Amino acid sequence: MNGESLSIVVPLYNEERRIPRLVEELAAHARDDVRAAGLELLEVIAVDDGSTDSTAECSRAAGATFPALRTLADGTPNAGKGAAVARGVAWARGEWILVIDADLATPIDQLSALTALVDSGVDLAVASRDQPGSIVVAAPRHRYVLGRAFNRMVRALTGLSLRDTQCGFKLLRSADAQRLTADQIVRRWAFDVELLMRASHAGLKVAEAPVYYVHGEGSTLHAWSVGPRMLLDVLRVTVALGRSPSVWVTLRRRALRGRRRLQSAAAARARSARPRDEAARRAKQ
């Protein structure tokens with residue numbers, strides 16, 4: 001990276017309790033953390049997704065102490081996290097966009113892991129909680145299990161090879177972000193899958209980096225209830241965009257591996273049965 005400008009986009013929905021800490025952390029550390037990663041912070045765009053509390057007012061007030069903060073709250077009804085991110089992307093002025101979550105579960109100082117990927121030729125750098133070297137703190141066991149199950153379904157359905165599509169910390173060029181979100185199909189939690197599928201279809205290089213992640217309390221995502229809807233959205237976007245050819249290769253390889261395991265198990269049973277059969281024949285004689 002060479003000191004290019006960065007817009008941080010953070011979607012907000014009923015986050016009035018988190019905004020003070022969010023703004024405090026960004027004001028204290030974001031500019032230095034971004035500079036250490038090779039970029040220059042231009043702005044932080046807080047997008048209110050039709051909150052029913054005082055999120056918009058709190059964000060606007062925080063802008064008085066943190067001038068880089070721009071609040072996008074125009075009365076648009078709640079449409080989903082993906083829709084909020086797309087609105088922020090359209091409003092961004094920086095050359096690069098970093099999408100983050102309001103709880104800062106992935107701290108801004110992890111940006112250097114993503115810019116290192118970009119420096120190696122990656123177009124869309126994705127933070128991962130499931131790569132070797134990742135550190136995940138305080139995540140409930142059920143969230144981990146459900147996340148792994150969801151990811152396996154995503155990989156099987158879409159052909160994407162990423163181990164974590166849902167971590168809310170992604171870096172890409174503004175021009176690419178605007179192009180990938182212009183015709184958004186999935187506007188809620190599974191929008192990440194669509195973004196990554198569109199990037200793959202567009203020939204962009206996508207890669208993951210292990211990061212430090214601290215699970216935030218008070219998440220508005222309830223995995224048990226939202227999970228089925230997310231899977232339906234993944235199916236919908238897969239049908240709309242078309243499966244990656246690699247999905248058929250993946251399924252064929254898995255089928256072949258399964259067939260080989262069955263054949264090996266049958267052969268092992270046959271070998272173990274031969275001594276018993278021979279012993280039985282000798283006993284009859």
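Numbers at a glance
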| item | result |
| --- | --- |
| Kyte-Doolittle mean at least 1.0, axial Cα span of 18 Å or more - DSSP H helices of the chain | 223-241 |
| The range 121-129 - phi-based ³J(HN,Hα) in whole Hz, Karplus 6.51/-1.76/1.60, Gly and Pro as x | x, 7, 8, 10, 9, 10, 6, 10, 8 |
| Other-chain or far-sequence residues with amide H under 5 Å of Ala139's (modelled H) | His215 |
| DSSP-defined antiparallel bridges as percent of all bridges, the chain, nearest 5 | 20 percent |
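Just so you know, all these numbers are worked out from the coordinates, no wet-lab data involved. These numbers were taken from a predicted model, which means no experiment stands behind them.
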